[in-house]
Amino acid sequence: MSDSLDAYLILAGLLFAIGSFGFLARRNAISMLMSIELMLNGVNLAILAFGAFIPELGAQGSVIALMVIAVAAAEATVGLAIVIAIFRNKKTPLVDEYDAMRQ
Amino acid sequence: MAQKLVPIVLALAVMGAVTGIAAIMLVLLGQDWEDALFWILAAVMLGSALLVVTLRDIIRCGLAMMVCFGALAGIYVVLGAPLIAAAQVIVYIGAISVLILFAIMLTQTKAAPSRLVFQTQAVPAAISSIVIAIVISLAVGATDWGEVPARIRLATDALSQVLFHDFVLPFEVVSVLLLTAVIGGVFLAKREPGGPS
C-alpha cells in the first residue's frame with residue numbers, strides 16, 4: 001500500500017478536506033489559521049507524492065515542496081500578526097464578532 | 001500540578017501501547033514494515049487533524065496540530081524524502097507551531113472562550129468537506145497515472161543541484177518574501193504609541 005500513488009493522494013485529499021471543514025466551521029480566528037496550515041500540508045503531501053512516483057519530475061517536486069513550506073511560514077507570520085492586531089482593537093478572537101466592515 | 005499530569009502521561013502511555021500493538025499486529029498479518037508504518041502514521045495524522053478541528057480547548061488544538069505535523073514528517077520519510085521531513089520538523093513543529101501557540105496565549109480572554117466552538121454553518125461545512133473528500137478520492141481512483149514505477153529515492157545532492165541551479169531565482173524570491181513577511185508581521189503587530197493598549 002505504501003508503494004501506490006493513490007494511497008498518498010487520497011491521504012492528502014482527506015487532510016485537505018479536514019482542513020477545509022475547520023476553516024469553514026470554526027469560530028476562532030487562530031483555529032481557522034491552523035486549518036489553513038492543515039490544507040497547505042495536504043497539498044504539500046500531494047506534491048511530494050507526485051515527485052516521488054513520477055520520474056520525469058526528478059527533484060522538482062521536493063524543491064516545490066520546500067518553497068511551499070517557506071511560503072506557509074510567511075503566511076503564518078502575517079496572518080497571526082493580523083489576528084493579534086484585530087484582537088487589540090476588538091478584544092475577541094471570534095471571527096463572527098468582527099463586523100466593522102458590515103456597518 | 002503533578003496530579004494534572006497523570007491523565008496526560010496515562011493517555012500517552014495508552015497511545016504508545018496501542019500504536020506498538022497495532023504495528024506488531026500489522027506485521028504479523030503479513031504487511032511489511034513500510035506498509036505498517038504508513039498505516040499507523042496515516043491513522044495518527046488523520047486522527048490528530050480531526051482533533052485539531054473539533055477540540056474545544058484551543059491550546060489542545062495547537063498541540064494536536066504538532067502531533068499531526070510530526071506524523072506527516074514520518075510519512076515524508078516513508079515516501080523517500082528525508083530532507084523535506086527534516087524541513088517539516090524544523091519549520092512546522094519548531095517554528096510555526098510555537099508561533100501559533102504564542103498567538104493563542106496572546107489572544108485568548110477569559111470571557112471569550114466559547115460555549116460555541118463552531119459557527120452556525122458547521123453542518124453545511126461538514127457536508128461540503130465530505131463532498132470534497134469523496135470527489136478527490138473518486139478522481140484519484142478514476143485517473144490512470146500511467147506506468148508508475150517503483151518509488152524514487154531522491155539523493156540530497158540531486159535535490160540541491162536542482163534547487164541552487166534550476167530554481168535559483170525562485171529561491172532568491174522566497175528569501176525576499178520571507179524578509180517582507182517578517183517586516184510586515186512586526187509592523188502589523190506593533191503597538192501604536194497612544195493607540196489602544
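Numerical summary
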{"quantity": "Gain in span if fully extended, B:Ala158 to B:Thr19, counting 0.36 nm per residue against the direct Cα distance", "calculated": "46.5 nm"}
{"quantity": "Mean separation of Cα contacts under 8 Å, 6 or more apart, over the residue count of chain B: relative contact order %", "calculated": "14"}
{"quantity": "Radius of gyration and Dmax over the Cα atoms of the stretch B:39-197, both given in Å", "calculated": "20.4, 65"}
{"quantity": "Relative frequency of Cα-Cα separations exceeding 30 Å in the protein assembly as shown, percent", "calculated": "38"}
{"quantity": "Relative contact order computed over the stretch A:5-97 (Cα-Cα under 8 Å; 6+ residues apart), in percent", "calculated": "30"}
{"quantity": "Alpha-carbon gyration tensor eigenvalues x 5, square-rooted, for the stretch B:1-128, Å", "calculated": "29, 18, 17"}
{"quantity": "Sorted largest first, extent of chain A alpha carbons per principal axis (Å)", "calculated": "54, 23, 20"}
{"quantity": "Fluctuation leader among B:Gly184, B:Gly94, B:Gly74 - chain B, Gaussian network, Cα springs under 10 angstrom", "calculated": "B:Gly184"}
{"quantity": "Distance (nanometres) between label positions extended 7 Å along Cα→Cβ at B:Ile8 and B:Glu172", "calculated": "4.7"}
{"quantity": "Surrounding net charge for A:Asp3, when Lys and Arg each add one and Asp and Glu each subtract one, Cβ distance under 9 Å", "calculated": "-1"}
{"quantity": "Volume in Å³ per residue [convex hull over Cα atoms, computed for the stretch A:17-76]", "calculated": "59"}
{"quantity": "Share of alpha-carbon pairs per 10 Å distance bin for the stretch B:1-67, given as whole %", "calculated": "20, 40, 30, 10, 1"}
{"quantity": "Helical segments meeting 27 Å axial Cα length and Kyte-Doolittle -1.0 threshold in chain B (DSSP H)", "calculated": "B:2-28, B:33-54, B:58-79, B:122-142, B:168-189"}
{"quantity": "Cα principal axis extents for the stretch B:154-197, largest first, Å", "calculated": "54, 18, 8"}
{"quantity": "Nitroxide proxy distance, nm - points 7 Å out along Cα→Cβ at B:Val131 and B:Met105", "calculated": "4.2"}
{"quantity": "Euclidean distance of C-alpha centroids, the stretch B:39-112 and the stretch A:1-43, integer Å", "calculated": "11"}
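Every number in this text was worked out from the coordinates using simple rules, so none of it is lab data. The structure presented is a predicted model; accordingly, all values stated were derived computationally and were not measured. Note that each Cβ is placed from the backbone with ideal geometry, even for glycine, and that neighbours are counted across all protein chains shown.
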